[in-house]
Amino acid sequence: MENIRDKVVIITGASSGIGEATAKLLAQNGAKVVLAARREERLHAIANEIKQGGGEAVSVKADVVSAEDMQNLAKFTLSVYGRIDVLVNNAGVMPSSRLNELRVEEWDQMIDVNIKGVLYGIAAVLPTMREQQSGHIINLSSTAGYHVSPTNAVYAATKFAVRAISEGLRLEESSTSRIRSTLIAPGLTKTELFDSITSPEVQTIANQISGIGISPYSIARAIAFAINEPDDTLISEIMVRPTALP
Ligand code: NDP
């Protein structure tokens, strides 16, 4: 994985699940990883584990809902490593429910983290990447970014939005710079994402299908593949699903 070596990679939501697996896999392949999330102690522990294994990692507390935190994350990365090669916009939440349950605060949370968080991430790194004339922004959508099902209308809407943003970025930057835009669309993956569900109906569904979920490393490998391709080659979209789920 030679095109991962020495790249400076910021990963949001790196304190668990897909973000944690991605940080570890990229560091094993020689990337300098910047881990960001809200749970500082977990970030420290993961960064220490990476360093003990001979990798290069730092961690920063950052809430993706704060544009200021995201700007500070980019500034910190530049102060430590002098450049930003990749941003993995991975942080996300999924407190799904039926619309008629009117869980308005949870709708707001999904819109803020899953959509605004991605935009604030782009705003934080795009000027630097344009100056560098190179960079790669990887956005986490979902199979729910292609198909709506009962109980996930708002979550799906946020992941449709991530697809639109990722495609818009690709179209705009392809004509003016060498910044790559990749969309990763995981299917059911075994992580803590389901812990935020408060609707009893959705919790029951999640418990029924949880055994089918795939490892977060299956998603991390897709992210690593997209980064490792030569810089003139854009992997614009990858969907990764459990084999056993129709
Ligand atoms: P996890 O719950 O394990 O990880 C989510 C991460 O997001 C955590 O590290 C969490 O860290 C972080 N996060 C949540 N809110 C914020 C915030 N406001 N600011 C900063 N970080 C935040 O779930 P996954 O690893 O599964 O999720 C990663 C991505 O993959 C998400 O975008 C999700 O939608 C997507 N996805 C997951 C699927 C699955 O089946 N698991 C399927 C399809 C897509 P902390 O709480 O410390 O801030």
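The numbers here are math on the coordinates, done by the rules we state, and not lab data. Just so we're clear, the structure is a prediction, and the values are computed from it rather than from any experiment. Please note: Cβ atoms are built from the backbone with ideal geometry, for glycine as well, and neighbour counts cover all protein chains shown.
A compact table of results
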{"quantity": "Qualifying positions in region 81-103 - in a helix (DSSP H, G or I) and surrounded by fewer than 16 Cβ atoms within 10 Å (Cβ to Cβ)", "calculated": "Leu99, Asn100, Glu101"}
{"quantity": "Among the candidates Ala57, Ala36, residue that is assigned to a strand (DSSP E or B), surrounded by 17 or more Cβ atoms within 10 Å (Cβ to Cβ) and within 8 Å of the ligand (Cβ to nearest atom)", "calculated": "Ala36"}
{"quantity": "Hits in region 144-203 - residues which are in a helix (DSSP H, G or I), in contact (Cβ under 8 Å) with a residue 40 or more places away in the chain and within 11 Å of the ligand (Cβ to nearest atom)", "calculated": "Gly145, Tyr155, Thr158, Lys159, Val162, Glu192, Leu193, Phe194, Ser196"}
{"quantity": "Residue under evaluation Ala45, criteria (1) part of a strand (DSSP E or B); (2) surrounded by fewer than 21 Cβ atoms within 10 Å (Cβ to Cβ); (3) of a type in the set (A, V, I, L, M, F, W, C), criterion not met", "calculated": "(1)"}
{"quantity": "Conditions (1) closer than 19 Å to Thr22 by Cα; (2) within 12 Å of the ligand (Cβ to nearest atom); (3) in a helix (DSSP H, G or I); number of the one not met by Pro242", "calculated": "(3)"}
{"quantity": "Hits in region 47-65 (condition: under 25 Å from Gln132 (Cα atoms) and in contact (Cβ under 8 Å) with a residue 40 or more places away in the chain)", "calculated": "Ser59, Ala62, Val64"}
{"quantity": "Scope region 1-28; condition of a type in the set (Ser, Thr, Tyr) and more than 24 Å from Ser134 (Cβ to Cβ); matching residues", "calculated": "Ser15, Ser16"}
{"quantity": "Criterion violated by Glu106 - all others in (1) away from the ligand (no atom under 11 Å from the Cβ); (2) acidic (Asp, Glu); (3) outside any helix (DSSP H, G or I) satisfied", "calculated": "(3)"}
{"quantity": "Residue that is nearest to Ile227 (Cα to Cα), among those in region 195-216 that are crowded, with 20+ Cβ neighbours inside 10 Å and under 22 Å from the mean Cα position of the chain (by Cα)", "calculated": "Pro216"}
